[in-house]
Amino acid sequence: MSKTCLECGEKIMGREDKKFCSDGCRNAYNNKINKDSTNYMRNINNKLRKNYRILVELNVDGKSKTTKTKLMSKGFDFGFFTSILNTNTGNTYYFVYDQGYRLLEHDYYMLVKNER
């Protein structure tokens with residue numbers, strides 16, 4: 001029984017479990033499968049990536065403090081985060097993947113990294 005490449009349909013030679021005729025076809029297939037399907041998704045993912053890069057840049061040591069002005073000057077968008085953590089002490093942390101922040105007094109923010 002001959003198998004064909006999932007990307008281009010060419011006949012596959014080699015191992016029995018092979019799905020693609022070349023690395024190029026494998027990459028093209030996976031890029032199509034994993035691409036953002038709409039502009040809406042792409043825009044949200046870009047905002048999350050930007051927020052994440054800003055938090056990483058400002059939180060080198062894993063725990064630090066910054067101002068709202070500094071975050072906003074770098075383009076941080078407080079409307080985009082991936083999860084919320086409410087602690088037993090009543091604090092609310094907003095996370096962008098493993099980088100988190102919480103509002104302190106006088107427009108200061110505590111930045112943290114979740115080490116899970």
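The values are calculated or read from the model by the stated rules, or taken from the named source; none is laboratory data. Computed from a prediction, not measured in an experiment: that's the story for all the values here. Methodologically, a virtual Cβ is constructed for each residue, glycine included, from the backbone with ideal geometry; neighbour enumeration extends over all protein chains shown. Ligands, DNA and RNA are excluded from the accessible area calculation, which covers all protein heavy atoms including side chains. Shrake-Rupley method; radii C 1.70, N 1.55, O 1.52, S 1.80 Å.
Here are a few things to note about the model shown:
- Label of the coordinate-derived value, Cα extents along the principal axes in Å, listed as [x] 69, 29, 23; [y] 39, 31, 26; [z] 49, 34, 23: [x]
- Against the chain, whose longest principal axis comes from its Cα atoms, helix 23-34 is set at around 50 degrees.
- Its DSSP H runs of at least 4 residues, each contributing -39,500 (n - 2.57), put the calculated 222 nm mean residue ellipticity of the chain at -10500 deg cm²/dmol, to the nearest 500.
- Residue-wise HN-Hα couplings along segment 44-58, as the Karplus relation 6.51 cos²θ - 1.76 cosθ + 1.60 with θ = phi - 60° gives them from phi, are 5, 4, 5, 5, 5, 4, 5, 4, 4, 4, 5, 4, 4, 4, 8 Hz; Gly and Pro carry x.
- Estimated from the Cβ-Cβ distance and a Förster radius of 25 angstrom, the FRET efficiency linking Ser2 and Asn30 is about 0.65.
- Here the contact order of segment 1-99, divided by its residue count and restricted to Cα pairs under 8 Å and six or more residues apart, works out to 18 percent.
- For segment 58-116, carbon and sulfur atoms together expose 48% of the accessible surface, with a 1.4 angstrom probe and every protein chain in place.
- Each part gets one Cα centre, and for segment 79-113 versus segment 28-56 those centres are 22 Å apart.
- Placed amide H near Leu104: partners under 5 Å, 5+ positions off or other chain: Tyr109, Met110
- Residues of segment 39-72 with amide N under 19 Å of a point placed 7 Å along Cα→Cβ from His106: 64-72
- Probe 1.4 Å, protein heavy atoms only - accessible area per residue of segment 6-71 in square angstrom: 77 Å²
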